[in-house]
Amino acid sequence: MIEDDLRAAFARHEPLTPPTGPLRAAIDRLAIGRRRRRRRWQAGGTALALLGVLGLGVPLLTPERAGPPPTAELLGESGRPTPTGALNILLLGIDGDGRTAARADAVLLVHIPADRSRPYLVSLPRDLGVPIPGQGTDKLNAAFPFGAGFTRPELTKGYELTRRTVAELTGVRVDAGVVLTYRAVRSLTDALGGVPACLPERVRSVHTKRVFPAGCQRLDGAASVDLLRQRYGLPEGSQDRDRNGRLFAAGLVRQTADQGVLTDPVRLAKLLTTVGPDLVVSPDRAAVLDLLRLASTLRSAEPVGIGLPVVWPTGKDRYLRTDPRLAPEFLTALREDRLGDWTARHPKLVDRSR
């Protein structure tokens with residue numbers, strides 16, 4: 001009897017039920033919109049991180065929100081103390097498009113000292129023999145594919161294993177990181193109208209036969225990628241490529257600052273819209289916000305470029321090794337936040353970026 005009464009009640013009220021089609025369509029539109037906004041925030045956050053690690057202060061903007069400055073809550077000022085110590089940001093350049101297995105052929109540790117004097121760009125050679133957690137000893141650039149996997153690579157896992165490897169090598173905490181493809185570098189360079197680079201010697205591309213003369217020049221996106229790929233034919237091979245990468249990064253900093261991009265919300269939003277989709281990994285959001293809060297306190301945006309001191313392989317060894325004389329002192333200075341003192345004592349090992 002009860003079952004019959006329930007059936008009768010459902011039958012009486014069913015015609016009054018609104019159709020589900022429009023409601024489902026509205027829910028689907030809302031879900032799609034949220035996914036799109038989340039992807040745009042991740043892309044914009046990565047672009048902000050890139051600018052932040054280069055030592056530049058930017059307002060918290062995404063392609064959707066180009067306008068008023070961020071609130072204290074967004075910047076984490078309510079509940080998150082302002083970091084007071086040194087910061088270390090890992091910037092990885094991979095030799096692919098992010099869809100297939102790739103090695104991290106550019107490993108740059110950006111050190112921002114506690115006194116906020118200026119950023120230090122520290123290259124870690126790709127061919128350096130290092131212990132990779134769970135993988136034994138191999139070249140530093142192999143950590144990325146070991147972590148990401150060789151089929152359907154997961155870039156965040158590649159970054160994480162490389163971060164652990166770098167942290168164990170240097171003894172410093174890595175606070176945030178960014179992974180860049182060559183396409184991202186090309187997009188960023190073109191969006192800025194080119195990047196100046198001052199090369200100490202002539203470079204001839206083995207890929208395109210393009211010649212980069214010694215001295216200062218402005219590179220577009222294609223030329224920048226071409227230069228950053230070069231190691232064959234250079235006197236010090238991958239070491240010279242790392243140096244050219246640091247010189248390019250220094251030029252990128254100056255170009256961004258000279259153009260006033262970071263003080264023009266419209267231009268900055270346009271830059272993020274252009275470059276954001278090509279940046280494939282975003283670091284921890286809280287760490288990015290910390291960087292943005294601190295970057296504007298730097299006394300100088302002119303970075304200091306230097307490479308980890310290494311020695312060439314001997315005998316059957318196929319790896320670069322840390323210099324037994326210079327590297328321990330250098331790594332101690334990095335851990336103790338005394339790179340300013342170290343570079344002052346070794347001026348010949350510091351890049352001349354102009």
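The values are calculated or read from the model by the stated rules, or taken from the named source; none is laboratory data. As the structure is a prediction and not an experimental result, all values here were calculated from the model. Here the Cβ positions follow ideal geometry from the backbone for every residue, glycine too, while neighbour counts run over all protein chains shown. The area values use the complete protein model at the heavy-atom level, side chains included, leaving out ligands, DNA and RNA. Shrake-Rupley method; radii C 1.70, N 1.55, O 1.52, S 1.80 Å.
Annotations for the structure displayed:
- Take the conditions (1) more than 25 Å from V310 (Cβ to Cβ); (2) surrounded by 16 or more Cβ atoms within 10 Å (Cβ to Cβ); V211 misses just one of them, which is (2).
- Tallying residues that are of a type in the set (S, T, N, Q), farther than 25 Å from Q259 by Cα and open to solvent by less than 20 Å² (accessible area, probe 1.4 Å) within the range 214-239 yields 2.
- Every condition in (1) of a type in the set (A, V, I, L, M); (2) open to solvent by 50 Å² or more (accessible area, probe 1.4 Å); (3) within 22 Å of R254 (Cα to Cα) is met by V206 except one, and the failing one is (3).
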